[in-house]
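Peer 1: Here it is, the structure, as structure tokens.
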Amino acid sequence: MSSQMLTPSKLNVAVMQMTSVDNVETNWHQFEQIANDLYKNHTHVDIICLPENALYLRLKENEKIKGLTKEHPLFQRFANFAQEKKTAIHIGASPIEIDGKLYNSSVFFKSTGEFQFSYQKIHLFDIQLTDQKPFRESDVFTHGDKPSIFSIGEWRFGESICYDIRFSELYSYYAKNNVDVI
């Protein structure tokens, strides 16, 4: 066995920029338009990566965030798109309700249309600056409790969301588990 690391095969990635709002339908239509334009110009994409808050971006402070559940029709639309185009889709940082608790969660759709709420943000952003009101993500969301790795072909992806980047133990875990992409 060689000590050299093997280089995975080529991976075609589309990274989507969006201007999300506080309306799930509007955000879906924005995705659909950008993704359909993408497929006019490319024959195949292995994974489409959407940004944090792609499904819902709270615009009014103190407005209650309604969590999306697996039954929400939006997820079936994404699943159908993934299956039709034979592409995986990764959506970062979405308000997801799991077992009655609200999480800041990623959603991963396989190219078969199967999907899962793949990663729940471990390190929530709670901060108190001098002479300012506190910002406490934990007032709204529940902490996740484990890293998440998914694969596309030979490529292994480790998931994280925003403030997680400040905590090296998560990335040490991914390095020890031979993750290719964060």
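Peer 1: Would it be correct to say that residue 92 is touching a helix residue (DSSP H, G or I) at 6+ places or on another chain (Cβ under 9 Å) and assigned to a loop (DSSP other than H, G, I, E, B)?
Peer 2: Against the criterion (touching a helix residue (DSSP H, G or I) at 6+ places or on another chain (Cβ under 9 Å) and assigned to a loop (DSSP other than H, G, I, E, B)), residue 92 does not qualify.
One line per residue, one yes/no per condition, for (1) modelled with pLDDT under 95; (2) farther than 27 Å from residue 156 by Cβ; (3) among the hydroxyl-bearing types (Ser, Thr, Tyr); (4) under 13 Å from the mean Cα position of the chain (by Cα):
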position: 34; (1), (2), (3), (4): yes, no, no, no
position: 40; (1), (2), (3), (4): yes, yes, no, no
position: 48; (1), (2), (3), (4): no, no, no, yes
position: 66; (1), (2), (3), (4): yes, yes, no, no
position: 83; (1), (2), (3), (4): no, no, no, no
position: 111; (1), (2), (3), (4): no, no, yes, no
position: 134; (1), (2), (3), (4): yes, yes, no, no
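Peer 1: Here is a follow-up. With respect to the numbered conditions (1) at pLDDT 95 or above; (2) open to solvent by less than 30 Å² (accessible area, probe 1.4 Å), which one is the sole condition not fulfilled by residue 96?
Peer 2: Against the list (1) at pLDDT 95 or above; (2) open to solvent by less than 30 Å² (accessible area, probe 1.4 Å), residue 96 comes up short only on (1).
Peer 1: Restricting attention to the stretch 13-28, which residues are out of contact with any Ser or Thr (no Cβ under 9 Å at 6 or more places or on another chain) and open to solvent by 30 Å² or more (accessible area, probe 1.4 Å)?
Peer 2: The answer is 13, 15, 17, 19, 21, 22, 23, 25.
Peer 1: Might you check whether a residue that is at pLDDT below 95, assigned to a strand (DSSP E or B) and open to solvent by less than 60 Å² (accessible area, probe 1.4 Å) occurs anywhere in the stretch 168-181?
Peer 2: Taking every residue of the stretch 168-181 in turn, at least one turns out to be at pLDDT below 95, assigned to a strand (DSSP E or B) and open to solvent by less than 60 Å² (accessible area, probe 1.4 Å).
Peer 1: Scan the stretch 150-167 for residues that are open to solvent by less than 50 Å² (accessible area, probe 1.4 Å) and closer than 18 Å to residue 123 by Cβ and jot them down.
Peer 2: 158, 159, 160, 161, 164
Peer 1: Would you point out the residue of the stretch 139-167, among those that are among the basic types (Lys, Arg) and more than 24 Å from residue 11 (Cβ to Cβ), that is modelled with the highest pLDDT?
Peer 2: 146
The values are calculated or read from the model by the stated rules, or taken from the named source; none is laboratory data. No experiment lies behind these values; they were computed from the predicted model shown. Positions of Cβ are generated from backbone atoms using ideal geometry, with glycine treated the same way; all protein chains shown enter the neighbour counts. Accessible surface is based on the protein model in full, side chains and every heavy atom, while ligands, DNA and RNA are left aside. Shrake-Rupley method; radii C 1.70, N 1.55, O 1.52, S 1.80 Å.
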